[in-house]
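Here, each number is a calculation from the coordinates, and none is a lab measurement. On a predicted model such as this, the values are computed, not experimentally measured, just so you know. Here the Cβ is made from the backbone with ideal geometry for all residues, glycine too, and neighbour counts use every protein chain on show.
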Amino acid sequence: MNLSIAPSIIAAEISNIDNIIKKINESQADVIHIDIMDGHFVPNIAIGFDIVNFLLKYSIKPLEVHLMVTNPNDYVDKLEKLKIKNMIVHYEAIINDFSILEKIKKTNMKVGIALNPNTAISVLLKNNIIQYIDIVLIMSVYPGFSGQKFITKTSYDKLYELNKIKKKYNFKIEIDGGINMTNIDYLIQYNPDILVIGKSIFHKYDQIISKINYFKNIM
């Protein structure tokens with residue numbers, strides 16, 4: 001199993017971002033996960049494009065952007081120009097118009113779709129949007145704030161369901177929220193491809209590299 005680790009930069013100390021990026025560069029992290037929130041789709045605002053541009057300049061790791069916004073269509077062209085690797089939009093934000101998935105698919109970015117804890121896996125098949133998706137991101141917390149507790153049952157149930165349909169469709173399984181040293185051993189039994197981890201990596205500055213590498217090599 002080739003497990004990818006995506007440190008969630010929202011959990012990092014932004015005032016020390018230059019040194020933190022150096023540590024991520026030295027680690028075995030695969031991609032940097034960036035949450036962009038508009039204060040409407042979720043009750044919070046996080047990470048502006050000034051931070052995205054900084055990361056693009058100094059990170060040797062590719063970037064993925066997780067849009068927790070009401071109008072993700074507004075971001076496609078801008079993110080494509082910035083050469084973002086993965087663009088993840090919320091199913092709940094595009095429920096009335098799935099055309100954005102086809103639009104992203106025509107770019108060089110990978111198409112990701114995030115599902116809130118109360119959104120069923122079946123919507124991906126029911127609405128025939130699975131054909132466009134490169135990454136399914138399971139939210140194991142309710143989006144908007146870092147440091148929440150992992151929602152156990154629905155998260156594991158969804159991972160189980162995704163592994164069944166993954167045999168037919170070509171996508172990666174990503175999970176975001178509340179992943180830590182306590183639940184990681186059980187979690188990886190459900191075969192996720194990408195782990196988004198925030199607080200557990202950035203809690204102690206001097207352990208950033210060792211924590212990333214620990215999760216990377218957990219298998």
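A protection proxy built from the mean count of other Cβ atoms within 10 Å ranks the segments 71-77, 196-202, 56-62, 171-177, most packed first, as 196-202, 171-177, 71-77, 56-62.
Computed with the Debye formula from one identical point scatterer per Cα of region 14-126, without solvent, the log10 of I(q)/I(0) at q = 0.09, 0.10, 0.11, 0.19 Å⁻¹ comes to -0.25, -0.31, -0.38, -1.04. Relative to the compact-globule estimate of 2.2 N^0.38 Å, the Cα radius of gyration of region 97-178 comes out at 1.10.
Extents of the chain, largest first, come to 46, 38, 30 Å (Cα atoms, principal axes, whole angstrom). Judged by the mean number of other Cβ atoms found within 10 Å, the most tightly packed of the peptides 103-116, 130-143 leads the ranking 130-143, 103-116. Remark on region 161-219: Rg and Dmax equal 12.9, 43 Å (Cα only).
Just to verify a number: FRET efficiency for residue 185 and residue 82, C-beta to C-beta distance, R0 = 41 Å, to 0.05? Once rounded, the FRET efficiency stands at 0.70.
The alpha-carbon of residue 204 sits under 16 angstrom from the alpha-carbons of these lysines, leaving out residues fewer than 8 places away in its chain: 22, 23.
By other beta-carbon atoms within 10 Å, ranking 85, 167, 204, 158 with the fewest at the front produces 167, 204, 85, 158. Placing +1 on the Cβ of every Lys and Arg and -1 on the Cβ of every Asp and Glu, with nothing else charged, gives the chain a dipole about its Cα centre of roughly 540 debye.
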